[in-house]
Ligand SMILES: [Zn+2]
């Protein structure tokens with residue numbers, strides 16, 4: 001049986017189970033449709049968000065949602081590393097996690113790697129960046145290394161790094177569909193919360209991708225910086 005040749009592997013490394021969809025869901029869907037194998041490594045289960053629910057229950061829900069979202073965007077699977085939130089770097093050196101992390105990267109053989117920006121507003125996103133860059137150097141990787149932003153709506157900082165602009169006009173709808181797989185992130189205790197958070201959340205993503213599109217002559221776009 002004829003099998004479509006893979007164009008190569010793309011690896012996304014992020015802190016929480018929905019960062020990859022918010023940051024580059026449209027790009028992942030596009031690469032997947034072009035024949036790339038897109039793999040995602042997620043550093044934590046994000047179990048600290050809801051302290052009143054047992055950790056293992058939250059973790060299970062997050063894994064299921066991330067897998068469902070990955071299927072929607074055409075990814076090749078998500079791998080959870082299980083680092084403790086706000087203690088990524090110290091936890092990474094324990095329990096053989098860093099060795100395991102390197103083995104996973106060796107097996108995937110990525111031609112492109114995407115991770116959080118060094119100056120992201122979230123502490124765990126910055127820690128994820130530092131871990132990825134350190135590992136990249138230690139492993140002497142040759143893959144293109146790009147950074148993405150999750151909640152910086154409009155970046156006013158001048159960056160002198162080369163940009164990668166991906167026109168996501170054809171895959172923006174898939175991104176939104178994948179985002180809807182993350183039901184446990186939203187507190188359903190009040191319907192009001194649900195409405196406000198849910199709509200505001202999608203509105204922010206919409207604005208960001210539209211803004212990047214306007215700047216780059218397309219309907220929607222996602223923008224990355226090449227740092228290696
Ligand atoms: Zn995050």
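The sum of -39500 (n - 2.57) across all DSSP H runs of n ≥ 4, divided by the residue count of the chain, sets its helix-only mean residue ellipticity at 222 nm to -14000 deg cm²/dmol. In the chain, Cα pairs under 8 Å separated by at least six residues give a relative contact order of 25 percent.
Quick one: grab the alpha carbon gyration tensor of the chain, order the square roots of its eigenvalues as a ≥ b ≥ c, and give me rounded if a/c is under 1.5, else prolate or oblate depending on whether a/b is larger than b/c. Walk me through the numbers before you get to the answer.
Values: a/c = 1.31, a/b = 1.04, b/c = 1.26.
Here the chain falls in the rounded category.
As a proxy for reagent exposure, 5, 43, 139 were ordered by neighbouring Cβ count within 10 angstrom, fewest first; the result is 5, 139, 43. Seen through its C-alpha gyration tensor, with square-root eigenvalues sorted a ≥ b ≥ c, the stretch 8-139 comes out oblate because a/c lies at 1.5 or above while a/b is not bigger than b/c. Between residue 56 and residue 180, the modelled label-to-label distance comes to 3.3 nm, taking each label 7 Å out from Cα in the direction of the beta carbon. Highest mean packing comes first when the peptides 174-181, 105-112 are listed by Cβ atoms within 10 Å, giving 174-181, 105-112. Each residue, residue 140 and residue 199, gets one label point 7 Å from its Cα in the Cβ direction; the gap between the two is 5.7 nm.
Each reported figure results from applying straightforward, stated rules to the coordinates on display, with no laboratory input. Just so you know, these numbers come straight off a predicted model, no measurement behind them. No Cβ is skipped: glycine too gets one built from the backbone with ideal geometry, and neighbour counts run over all protein chains shown.
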